[in-house]
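The values are calculated or read from the model by the stated rules, or taken from the named source; none is laboratory data. Source: prediction; values computed, not measured. Note that each Cβ is placed from the backbone with ideal geometry, even for glycine, and that neighbours are counted across all protein chains shown. Ligands, DNA and RNA are excluded from the accessible area calculation, which covers all protein heavy atoms including side chains. Shrake-Rupley method; radii C 1.70, N 1.55, O 1.52, S 1.80 Å.
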Amino acid sequence: MRDVALVSMPFGPLFYPSIALSLLKAALTRESVSSRLHYFTIDFAQRVGSRLYRGVSDGNRPQLRHLPGEWIFSGALFPATEDDERRYIETNLKRKPGKTSPTRKLISRGAIDDMLRARRAVDAFLDDCVDRVLLDRPRIVGFTSVFQQHTASLALAQRIKAASPETFIVIGGANCEGIMGAETVRQFPFVDATVSGEGDLIFPELVKRVLASQSLDGLPGVRTRTSIGADFAKENFGNAPTVMRMDELPYPDYDEFFEQFAASRYGRKWQPGIFFETSRGCWWGEKQHCTFCGLNGGTMTFRSKSATRSLEELEYLTNRHEGADVEMTDNILDLAYFKDFVPELAKRGGTHELFYEVKSNLRKEQVRMLRDAGIRRIQPGIESLSDSVLKLMRKGVSALQNIQLLKWCKELGVSPLWNLLWGFPGESPEAYSWMARVAPLLTHLRPPISFATIRLDRFSPNFFDAEKLGFTGVQPIDAYRHIYKLPDEAIFNLAYYFSFRYQVPQDLDMYAQPLAIALRDWRRLAGRSDLFSIDTGDHLIIWDLRPIATRSLTVLPAEQRLLYLACDAVTDARQLATQLSRTVEEITSALAPLLEQGLILQDGARYLALAVPLGDYTPDRPIVERFYGIIRNIAEPSRRGIAVRWSGSARPRRSPAARLPRMTRRPLTTSQFSIDGNHVVIH
């Protein structure tokens, strides 16, 4: 028997435990309250297959805007006819992607059939879940509802209440914040309470009161049948108290997830990961809330754990769950961590490969520190490569800073996972023309993992300041009306994702389509395009293997070399003139041929060199093979290897391939290259 059952329903992560429930379990253990965690995510994936499950939970195909996970379980909450299913499929899944979509492919008939089969499996699955939960006869059943977990949680809650009316049902998580939680209680009488905001402090108190048959009145952030009337009357939907002293949190208890995962068929072939947090909130959002971001709701205040606590917790969790990948939940890396946490990870050998979300204006030394600490995957908040659009977003960075970070990440071996958004009211079509021209110059760098039209998320400035920021006609995205058979007002209050119109019409497809095409080309070229440089001390050798290249080889002597190296970080003509003791006119004249070749990028008066230096960076095998394929057509034999003729930045001379010795495929390093007169020698 257990006092509390904690439940994670589909479509929560399959290969990761819920950090929220794991923290609540640990908090209940502190209070001597017994609990059991149920990961029905694993069970449902075994029924419908991991491919379908992960496609839905990751929000890729079908995309998140279709809410496929919510729809699959909606029939268990609201009985649906075949006509209901057909209308959802026709208006959502069979909808032709727009011209600015990342992919032009339709959702396959097979994928739709898989979703229908999953929908047919729901009732039997839920019946089994009821039996397993009630086996412990818990007094309280608590659900976490994040992203596409709401209808599944509600459907199981309804069945539990029907089978055991005395069981107290409570739901928390992002889908219950603010008015969403209040509307959940109002529309679904089998839900006894919802918790808005962080549950760490309030949930143990809620549990103690329920177990003692005491009233929940006065608990901040807790919505009940008796409290929601006043909440709606006052339009006041405050949150539970936030955790301000992060070091006082318990370590999350992931043991039950690993036990259940190991007992599943996935345990034989896959290694699950763990979530780890070092902070909550967003320090940038406190200063200037990005217009499209609705992630933090009422918990924007930035708080972080001490470096000592974070390091101790990381060691504990990785030792207890050996071999597990570590995924950070932080919205943004605490910059103070560059003073203690990051250097200490580096001292320990950077053995934990971590992922962090970061602001994109990092310095090069900070990127190097992340690499050395084992933080080799980051999600920088790039979102655009246009200064004017970034200002509309309130990002606080420039386009060249974003590109600079992509270049430094490639040089230092850090993978940047980034997205690009468009569709902001008042954005300039010229900004997209500029980005479409720039994208082919950047194909040697990491492309965006996705690009799409913005969506209005609840709690974002675009939502709560919609009229001021240029939106009109804000309403829940179409999928919601196929999921909830409720009045429009209720659906609006339950929704997190919204569609819109522009107050001043703008032809998004027209001006963003060229950029969408350029981005799709960029993604196709990933790993097959390169632009790298070798500094010999007297000359800078630049090899251009991009499709857009006008010549494969450029050699910069003397002052041109110094000028290019000075543009490794974003700089402007006046700074360059001062640094190199030249006039601005001389600087702009010297940069002109490099701009023409696309070796350097200009945005207004600022410049950025695009070539990635060899050294920390070594090209992968496909690039090495491509390099030697080009060399074969332009090189000639030399006493010390092979040589390519250069004359300033003139085109290399072509020589018959038959005259050249057999070329190696060994990795490219700086020691292989030297200058001999008017030749570049490859040793």
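A few comments on the model shown:
- Of all lysines in the structure, the ones whose alpha carbon falls short of 25 Å from that of Lys208, not counting any fewer than 8 places away in one chain, are Lys25, Lys161.
- Straight Cα distances below 22 angstrom link Lys96 to the lysines Lys105, with same-chain residues fewer than 8 positions distant left out.
- Applying 1/(1 + (r/R0)^6) with r as the Cβ-Cβ distance of Leu562 and Arg501 and R0 = 41 angstrom yields a FRET efficiency of 0.20.
- For region 362-407, the set of trypsin sites (Lys or Arg not before Pro) satisfying both a DSSP loop assignment and a count of at most 16 other C-beta atoms within 10 Å is given as Arg363, Arg394.
- Across region 472-488, coupling constants 3J(HN,Hα) worked out from phi with the 6.51/-1.76/1.60 Karplus curve, θ = phi - 60°, read 8, x, 5, 8, x, 4, 3, 4, 4, 6, 8, 9, 10, 8, 9, x, 4 Hz, and Gly and Pro carry x.
- Note on Cys282: accessible area is roughly 20 Å² with a 1.4 Å probe, heavy atoms of protein only.
- Net length gained if the chain between Asp620 and Arg137 were fully extended (0.36 nm per residue, minus Cα distance): 168.1 nm
- Value of relative contact order over region 6-60, rounded to a whole percent, pairs C-alpha under 8 Å and six or more apart: 49
- Whole-Å distance, taken between Cα centres, linking region 492-564 and region 247-318: 33
- Label positions at Glu90 and Lys391, each projected 7 Å from the Cα along the C-beta direction, are separated by 4.7 nm.
- Segment Ser108..Tyr251, full-extension length gain: 47.2 nm, with 0.36 nm per residue of separation and the alpha-carbon distance subtracted.
- 0 to 90° range, to nearest 10: angle between helix 508-524 axis and the chain longest Cα axis: 70
- Cβ-based charge dipole, region 1-143, positive-most Cα from Pro138, Phe11, Pro62: Pro62
- Residue-level accessible surface for Asp535, protein heavy atoms, 1.4 Å, Å²: 70
- Of the three principal axes defined by the Cα atoms of region 83-207, the extents in descending order read 51, 31, 22 Å.
- At a probe radius of 1.4 angstrom, the accessible area of the chain per residue rounds to 42 square angstrom.
- The structure shown yields mean projected area of the Cα convex hull in nm², and of the options (i) 32.8; (ii) 36.1; (iii) 46.3 that calculated value carries the label (i).
- With every protein chain in place, the chain: carbon and sulfur % of accessible area (1.4 Å): 49
- The distance separating the Cα centre of region 10-53 from that of region 189-245 comes to 22 Å.
- Taking each residue as 0.36 nm, the span from Ala577 to Glu166 lengthens on full extension beyond its C-alpha to C-alpha distance by 140.2 nm.
- Karplus-derived 3J(HN,Hα), 6.51/-1.76/1.60, for each residue of region 273-285, Hz, glycine and proline x: x, 9, 8, 9, 10, 10, 7, 9, x, 8, 5, 6, x
- Applying both filters, DSSP loop and at most 11 other Cβ atoms within 10 Å, to the trypsin sites (Lys or Arg not before Pro) of region 250-344 gives Lys269, Lys339.
- Within the chain, the cysteines lacking any other cysteine Cβ closer than 4.7 Å to their own Cβ are Cys129, Cys176, Cys282, Cys409, Cys567.
- Area of Leu486 that stays accessible when all protein chains are in place (1.4 Å probe, Å², to 10): 30
- Close amide H pairs (under 5 Å, H built 1.01 Å from N) link Asp530 with Leu545, Arg546, residues at least 5 positions away or on another chain.
- Met244 versus Glu353: modelled label distance in nm, points set 7 Å from Cα along the beta carbon direction: 4.0
- Distances between every pair of Cα atoms in region 400-473, grouped in 5 Å steps from 0 to the bin holding the largest one, split as 3, 12, 19, 20, 15, 14, 10, 5, 1, 0 percent.
- Using the alpha carbons alone, the radius of gyration of region 509-607 stands to its Kirkwood radius in an Rg to Rh ratio of 1.04.
- Those lysines that a straight Cα-Cα span of less than 27 Å connects to Lys347, excepting residues fewer than 8 apart in one chain: Lys305, Lys339, Lys359, Lys364, Lys407, Lys410
- Legend: translational diffusion of region 203-298 by Stokes-Einstein, Rh = Kirkwood radius over C-alpha pairs, 20 °C, 1.002 mPa s; D = 121 µm²/s.
- Distance cut-off 15 Å, percentage of C-alpha pairs in region 154-226 lying past it: 51
- Using alpha carbons only: equivalent-ellipsoid semi-axes of region 246-313, gyration tensor based, whole Å: 32, 18, 9
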